[in-house]
Amino acid sequence: MEKTIKNWLLEHEEEFVQDLSALVRINSVRGETRGDLPFGEGPKDALDAGLKICDRYGFHTKNWDNYVGTADFSPELPHSLDILGHLDVVPAGEGWEVTGPFEPLVKDGIIYGRGVSDDKGPVLAALYAMRAVKELGYSLKKGVRLIMGTNEETGSADLEYYYKREKAGEMSFTPDAEFPIINIEKGAMHGTLRKNRTVEGSLLSMKAGVAVNAVPQKAVMEFKNLSDEEFNAAKLAVEKECSVQIQRSGNTVTVIGVGAHASTPHLGKNAGLAALSFAVKLPSLGAEDRKAFEAVLALFPYGVTDGSGIGTKLQDEESGELTCTLDIFEVGEKEMHFIYDSRIPICGTKENCEDMARKTVEEKGFIFETEGMVPPHHVPKDSDFIKALLSCYEKVTGEKGECLAIGGGTYVHHVENGVAFGAILPGVDTHMHGADEWIKVKDLLLAAEIYAESILALCQ
C-alpha cells in the first residue's frame, strides 16, 4: 500500500508542479476589502483557482462567500477529518534573486516562489493525498474535508467566519507548520504600562519597536543637549553590558540591537531596554524619568525573558517556560508607555499571569492595561488521533516522531482537537517569509504521502 501511494505520487509529480505553479503565479497578498471581496482580489483569485483544481479532480467543493473554500472527499460520509491550509501569502518584499516572487521556477529539484512552502505547496500536498486515496480506489468510512483559507497571514478572520457557520470535524490538522507534530501552542498576553510625563531633563523623547510580537532591533532617543563626556561614558558601559551598538548624530542617539520573534526573545538583543540602560547612566536625565526607567528595568531586566521581573515566571514539563519581552517603547512630551508580549505555558491562568503582572506593575507606579490572556492550546499527546499521525509520520519517513510545544500560534490555535502536522521537515529553513522562498518538490510529495497514510489510518 505504501509503495502504491508513493508510486502514484511520483507518477503525478509533473502535474503537481503545474498545479502549484498556477497557484504561485497569483499574487494573493491581502488587498482592499470591497463588496464580496473580504480580503481583496488576490486572495479571491487564489481561492477560485484552488477550488477549480479540486473540482477538476472530482471533489465536492463549496465557496464560503470568498472567506474559505472547502473540498470534500465524499459529501455522503460523516464529517470527521478537517485539513486546514491557506492560499493567502505575505508580501513579496525585496531581495529576490533566483526568480520573481510570483514567477515560480523549478531548479535542481527545488521550486521557488512566494507561497511554495507557506502555504500553497502544503495545501496542494494535502489535496494530492486525498486524490491519491480516491484514485487508488480506497474506500473510507469517515469524511475528509480540505479547508482552504484566505486570511491566515493577517488575522484568520476567514476561519472565524467559517466556524460561525460550520462545525469543526472531530479531528483537525494544518500543514502550515513543521513535522512531526505541534500539539501545544502557548497562550499569549499583551500588557501596557502607562505613566504621565513632564520633560524636565535632557531627554526629549525615545522610541523603539515596530510590533508587539518582535524584540526591537533599534531605539532612537532625542536630547535637548548631551555632553560628549556623559555620552561616551554611558556608551562605553552599555555597549559592554548589552552587546549593542550606540551611535550619535548631533543630539540624536541610536541604539542598534538584534531583533527576534517574541516567542524566542532570548535570541535577540533588546535595543529598547539597552536604550533605557543608557539613559539612566546620564547625569542630565530628569529625576522622574530616572525613577520610571529604573522601575521598567527592574520589571524587565535586560537579558531576562522569563517574566520573573513582573512576577509571572512559570514553567511546566509539557509546554516549557513562560517567555516575556518588552517590545514597544514610546516616551513623549506628556506620556510614556511600554507594551510587553508574553507567551504562556499550559499552567498559566488569569491569576498567576494577568493579576500578578497588574499587581507588580502598579506597585511600581504605572497604570496597567491588558485585554487579557489568549488561552494556551493543547491536544493530549496520548490521544488516539496524535498516536495515529505520529505512526504515519514514522512509517513514511523512518524517523522518530514526537510532539512539540511552541510559543507562536498556528492556524488551528482556536480549533478544538486541532494540531499542526508538517509540511516542512525538521530543521529545514525554506525562507518562508523572506526572499527566494523555496521547498524541495520531493519533500512536498513526501508530505503528501504522510497525509495519504494519515487519511487511511484515521478514516478507513
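Bear in mind that the values in this text are calculations on the coordinates, not laboratory data. Treat the numbers as computed from the prediction; the structure is a model and nothing was measured. Here the Cβ positions follow ideal geometry from the backbone for every residue, glycine too, while neighbour counts run over all protein chains shown.
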**Magnitude of the charge dipole, the chain, Cβ model with Lys/Arg +1 and Asp/Glu -1, debye to 20** = 460 debye
**Item:** Difference of contour (0.36 nm per residue) and Cα-Cα distance, His266 to His60
**Value:** 69.5 nm
**Complete:** Two pseudo-spin positions, 7 Å from Cα along C-beta at Lys400 and at Glu294, lie apart in nanometres by 5.1 nm
**Message:** As an exercise, find the ratio Rg/Rh for the chain from alpha-carbon atoms, using the Kirkwood inverse-distance average for Rh.
**Reply:** 1.04
**Request:** Give the Rg/Rh ratio for segment 187-374, taking Rg as the radius of gyration of the Cα atoms and Rh as the Kirkwood radius, to two decimals.
**Result:** 0.98
**Item:** Gain on full stretching of the segment that runs from Glu166 to Glu94 - 0.36 nm per residue minus C-alpha separation
**Value:** 22.0 nm
**Asked** Where does each of 166-173, 198-205 land if you order them by average Cβ count within 10 Å, highest first?
**Response** 166-173, 198-205
**Complete:** Charge dipole of segment 187-374 built from unit charges on the beta carbon (Lys, Arg +1; Asp, Glu -1), centred at mean Cα; most positive-end Cα among His261, Gly272, Gln245 is Gln245
**Request:** Determine the dipole magnitude for segment 187-374: charges of +1 sit on the beta-carbon of Lys and Arg, -1 on that of Asp and Glu, nothing else is charged, the reference point is the Cα centre, and the result goes in debye to the nearest 20.
**Result:** 500 debye
**Message:** Considering only C-alpha atoms, what is the centroid distance from segment 273-338 to segment 369-391, in Å?
**Reply:** 31 Å
**Message:** Which of the three applies to segment 119-174, rounded, prolate or oblate, going by the alpha-carbon gyration tensor with a ≥ b ≥ c and a/c under 1.5 meaning rounded?
**Reply:** oblate
**Item:** Cα-Cα separations in segment 204-259 greater than 19 Å, expressed as whole percent
**Value:** 29 percent
**Residues listed by number, segment 128-144, amide nitrogen under 17 Å from Asn7 label point at 7 Å toward C-beta** = 132-138
**Complete:** Whole-Å distance linking the alpha carbon centroid of segment 18-64 with that of segment 74-128 is 12 Å
**Fill in**
The relative contact order of segment 187-374, taking Cα pairs under 8 Å that sit 6 or more residues apart, comes to a percentage of 33 percent
**Request:** Can you quote the Å³ per residue value for the convex hull of the Cα atoms in segment 273-374, rounded to an integer?
**Result:** 93 Å³
**Fill in**
Computed, not fitted: 222 nm per-residue ellipticity of the chain from DSSP H runs ≥ 4 (each -39500 (n - 2.57)), nearest 500, equal to -9500 deg cm²/dmol
**Request:** Can you tell me the dipole magnitude for segment 79-133 around its Cα centre, using point charges on the Cβ only (Lys, Arg +1; Asp, Glu -1), in Debye to the nearest 20?
**Result:** 240 debye
**Sparsely packed trypsin sites (Lys or Arg not before Pro) within segment 46-154, loop by DSSP, other Cβ within 10 Å at most 12** = Lys141
**Item:** Translational diffusion of segment 330-431, µm² s⁻¹ [Kirkwood Rh, Cα pairs; Stokes-Einstein; 20 °C; 1.002 mPa s]
**Value:** 124 µm²/s
**Asked** Among the lysines, which have Cα under 19 Å from the Cα of Lys240 when same-chain residues fewer than 8 positions away are ignored?
**Response** Lys218, Lys269, Lys281
**Cubic angstrom per residue, convex hull over Cα atoms of segment 52-121** = 125 Å³
